[in-house]
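**Student:** Below: one structure in structure tokens.
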Amino acid sequence: MSEHVDVLIIGAGLSGIGAAAQLRQGLPELSVAVLEGREASGGTWDLFRYPGIRSDSDMFTFGFKWHPWPSDQSLADGHMILDYLHTIEQEYGVDRLIRYQHTVTAVDWDTAAKQWTVTATTPEGEKRFTTNFLWACAGYYDYDEGHKPEFPGLSEFEGTFVHPQHWPDDLDYAGKKVVVVGSGATAVTLVPAMAEQTEHITMLQRTPTYIMSRPAKDPLARLLGSTLDRVPDSVPFKRLREKAGYEATRWANILLLVGSYQLSRRKPELMKRMVRKNVVEQLTARPGQPGMSEQEAEAYAAKHFSPPYDPWDQRLCVVPNGDLFRAIRKGKASVVTDRIRTFTPKGIELESGETLEADIVISATGLKIKLFGGVKVHVDGEPVDISTSMSYKALMLSGVPNFAFTIGYTNASWTLKADLVGDFVVRMLQHMRARGFTEALVERDPSVEERPFMDLASGYIQRAAEAMPRQGDRAPWMLKQNYLSDLRVMRREVEDGVIRFS
Ligand SMILES: Cc1cc2nc3c(=O)[nH]c(=O)nc-3n(C[C@H](O)[C@H](O)[C@H](O)COP(=O)(O)OP(=O)(O)OC[C@H]3O[C@@H](n4cnc5c(N)ncnc54)[C@H](O)[C@@H]3O)c2cc1C
């Protein structure tokens with residue numbers, strides 16, 4: 001026996017919770033189920049438990065546009081994000097739709113019956129569901145394991161080796177020598193968060209990353225918040241003004257994000273100078289406090305914070321209130337740019353000949369990409385090779401009917417894109433209901449040239465590029481990863497002559 005729902009969502013992370021809440025708001029009459037493989041919702045924000053876990057996007061764009069982020073804290077701690085998601089679940093009735101410990105393994109579209117059969121493994125054995133519309137919100141990486149490079153000699157290492165994706169609850173790092181391998185968002189979060197308690201912590205990087213300091217609290221949100229706080233509750237329209245304040249802060253952050261990305265792509269040298277200036281200022285000693293001279297800071301920035309690529313060829317990292325640089329100024333943390341020759345019993349030997357002693361090594365070496373939760377997709381019993389399909393508006397796949405997916409931006413807040421996908425899918429389903437359509441399908445257009453699905457040179461994207469679907473060289477087969485232009489493309493009529501409704 002299988003259970004039938006109108007829409008079935010895979011994954012109860014930020015995207016799945018958002019998708020279900022948008023369906024509740026736009027199509028409350030539909031039956032919806034959210035199948036979640038784990039025992040908890042929240043996805044990334046529940047899985048990652050390392051010290052200091054936080055967003056590196058501002059919360060005014062990382063929060064949903066339809067549910068204001070309730071604080072002026074712009075770069076928020078993981079538990080705050082999780083609380084926000086749980087509140088949304090309750091407020092929009094999503095909590096009642098989630099089936100935990102339901103890992104979707106395979107889906108099969110039946111053209112004659114116009115429905116999907118979804119197979120999930122559960123503690124009670126395999127279960128089947130049927131649904132008219134399938135929405136994959138399964139994130140973009142493998143939950144079981146992160147990316148683990150082959151480290152020579154690792155088996156010789158006598159200390160503790162940790163991957164941030166599986167943080168041991170009982171890891172005691174007080175007074176220990178710690179090496180964090182990597183220089184991405186996770187490494188730059190871990191180093192300052194652990195620095196105060198460790199004897200010393202070293203960020204060991206093969207290649208530097210662009211890193212900028214950003215206020216942890218949003219200046220505009222603080223100003224608007226403190227102004228509104230002075231307005232008595234009895235004053236009419238206070239709530240309206242709060243909403244307008246959120247919108248203003250959100251748009252200011254969107255323009256900043258889009259503006260700084262465009263500046264990076266169009267004037268990379270200018271952006272490089274701006275980032276470098278920020279780093280040098282951050283490393284230079286304040287009066288009466290430890291730190292570097294300006295010359296030392298210049299040399300340190302040149303060696304450790306000047307990547308060989310342009311800003312946004314790979315993700316640019318932000319650190320709240322310069323916390324990473326503060327730990328370096330205080331001598332609690334340092335950066336080493338070198339390559340690992342081999343692990344030794346007591347630490348790491350580098351290609352330069354230098355050695356790093358370590359009690360604990362943390363491999364912040366990134367994620368292993370896995371799209372659509374590793375689900376095997378079939379159409380009428382035939383397996384679909386995702387890598388040969390082209391994505392439409394980066395939310396549907398050619399040749400796969402009644403299917404949408406949410407994968408957010410890599411160069412801006414994930415949620416900006418997730419919200420656009422949600423708006424579109426809800427509008428498309430409303431349109432299908434109004435017109436009595438039972439199938440929506442896009443087919444590849446041979447005149448459209450292929451482009452990579454994710455346009456980042458980062459190792460974790462490149463390693464998985466072959467297995468990903470393709471994008472096209474023009475709208476609606478291409479999204480520009482630019483919220484302002486994507487907003488225009490996504491808001492066009494659903495009947496655009498490309499989606500075939502029947
Ligand atoms: C450490 C870290 C920090 C990040 N910080 C930011 C940030 O600051 N800003 C930003 O924009 N992005 C950030 N990201 C990207 C982040 O993943 C997204 O922002 C967002 O949380 C993704 O939400 P999601 O629901 O799409 O995916 P996830 O959070 O990955 O959730 C996917 C859910 O689907 C479930 N699932 C997967 N496969 C299946 C299956 N087969 N069956 C059933 N359930 C399944 C998973 O168990 C999980 O609950 C970060 C990522 C990481 C790893």
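**Student:** List every residue whose amide H lies under 5 Å from the amide H of Ala106, counting only residues 5 or more places away in sequence or on a different chain, with H placed 1.01 Å from N in the peptide plane.
**Tutor:** Those qualifying (amide H under 5 Å, at least 5 residues apart or on another chain) are Thr119, Lys376.
**Student:** I'd like the GluC sites (Glu not before Pro) in region 1-74 restricted to DSSP loop residues with at most 10 other Cβ atoms within 10 Å, sorted by number.
**Tutor:** On the way: sites: Glu3, Glu29, Glu36, Glu39; in loops: Glu29, Glu36, Glu39.
Filter output for region 1-74: Glu29, Glu39.
**Student:** Taking R0 as 41 Å, what's the FRET efficiency between Glu449 and Leu255 from their Cβ-Cβ distance, rounded to 0.05?
**Tutor:** 0.85
**Student:** For Val319, what residues show an amide H to amide H distance below 5 Å, using hydrogens built from the backbone and excluding near sequence neighbours?
**Tutor:** Met212, Ser213, Arg214
**Student:** Suppose the chain between Lys217 and Ala40 were pulled fully straight at 0.36 nm per residue; how much longer would it get relative to their current alpha carbon spacing? Let's see the in-between values first.
**Tutor:** Numbers: separation 177, 0.36 × 177 = 63.72 nm, distance 2.89 nm.
Here the segment from Lys217 to Ala40 would lengthen by 60.8 nm.
**Student:** Residues in region 9-47, backbone N under 18 Å from the label point at Thr438 (7 Å along the Cα-to-beta-carbon vector): list them, ranges by number please.
**Tutor:** Within reach of a label on Thr438: 31.
**Student:** Give the long-range amide H neighbours of Gly347: residues separated by 5 or more places, or on another chain, with amide H under 5 Å away, using H modelled in the peptide plane at 1.01 Å from N.
**Tutor:** Glu158, Ala358
**Student:** Sticking with this one: Are there any GluC sites (Glu not before Pro) in region 337-397 that are in a DSSP loop and have at most 15 other Cβ atoms within 10 Å? List them by number.
**Tutor:** The qualifying sites are Glu351, Glu354.
**Student:** So what's the gap between the Cα centers of region 285-346 and region 453-474, to the nearest angstrom?
**Tutor:** 29 Å
**Student:** Per residue, how large is the accessible surface of region 75-173? Use a 1.4 angstrom probe and give square angstrom. Write down the numbers at each step before the final one.
**Tutor:** Values: 4750 Å² over 99 residues.
Accessible area per residue, region 75-173: 48 Å².
**Student:** Tell me what the chain gives for mean residue ellipticity at 222 nm when only DSSP H runs of n ≥ 4 count, each as -39,500 (n - 2.57), the sum divided by the residue total, rounded to 500 deg cm²/dmol.
**Tutor:** Values: 13 runs with 156 residues, N = 502.
Only helices count here, giving -9500 deg cm²/dmol.
**Student:** Here is a further query. Straight-line reach only, C-alpha to C-alpha below 22 angstrom: list the lysines that Lys65 could link to, leaving out same-chain residues fewer than 8 apart.
**Tutor:** Candidates past the 8-residue exclusion: Lys217, Lys238, Lys243, Lys393, Lys417, Lys480.
**Student:** Enumerate by residue number the trypsin sites (Lys or Arg not before Pro) in region 318-426 meeting two conditions: DSSP loop (anything except H, G, I, E, B), and at most 15 other Cβ atoms within 10 Å of the site's Cβ.
**Tutor:** When the trypsin sites (Lys or Arg not before Pro) of region 318-426 are filtered for loop state and at most 15 Cβ neighbours within 10 Å, Lys330, Arg339 remain.
**Student:** Write down the Å³ per residue value for the convex hull defined by the alpha carbon atoms of the chain.
**Tutor:** 174 Å³
**Student:** Output wanted: per-residue J couplings in Hz (rounded whole) for region 160-177, from phi through Karplus 6.51 cos²θ - 1.76 cosθ + 1.60, θ = phi - 60°, x for Gly and Pro.
**Tutor:** Running phi through 6.51 cos²θ - 1.76 cosθ + 1.60 with θ = phi - 60° gives 9, 10, 10, 10, x, 5, 10, 6, x, 4, 9, 5, 9, 10, 5, x, 9, 8 Hz.
**Student:** Something else about it: Excluding residues fewer than 8 places away in the same chain, name every one of the aspartates and glutamates whose C-alpha is closer than 18 Å to that of Lys376.
**Tutor:** In chain and number order, the partners are Glu36, Asp108, Asp110, Glu126, Asp142, Asp144, Asp385, Glu466.
**Student:** Just the number please: accessible area per residue for region 315-412, 1.4 Å probe, all protein chains included, in Å². Don't skip to the end; give the middle numbers.
**Tutor:** On the way: 3330 Å² over 98 residues.
On a per-residue basis, 34 Å².
**Student:** Suppose R0 equals 35 Å; then what is the FRET efficiency for Asp110 and Asp496 from their Cβ-Cβ distance, rounded to the nearest 0.05?
**Tutor:** Details: r = 26 Å, r/R0 = 0.75.
According to the calculation, E is roughly 0.85.
**Student:** Then there's this: Tally up the carbon and sulfur contribution to the accessible surface of the chain as a whole percent, 1.4 Å probe, everything protein left in place.
**Tutor:** Working: 11070 of 22100 Å².
Accessible surface attributable to carbon and sulfur in the chain totals 50 percent.
**Student:** What is the angle, in °, between the Cα long axis of helix 238-266 and the longest principal axis of the Cα atoms in the chain? Nearest 10 is fine, range 0 to 90.
**Tutor:** Tilt relative to the chain: about 70 degrees.
The values are calculated or read from the model by the stated rules, or taken from the named source; none is laboratory data. Keep in mind the model is a prediction, meaning the values are calculated, not measured. For neighbour counting, all protein chains shown are included, and Cβ atoms are generated from backbone atoms with ideal geometry for every residue, glycine included. Side chains included, ligands, DNA and RNA excluded: accessible areas come from the protein's heavy atoms. Shrake-Rupley method; radii C 1.70, N 1.55, O 1.52, S 1.80 Å.
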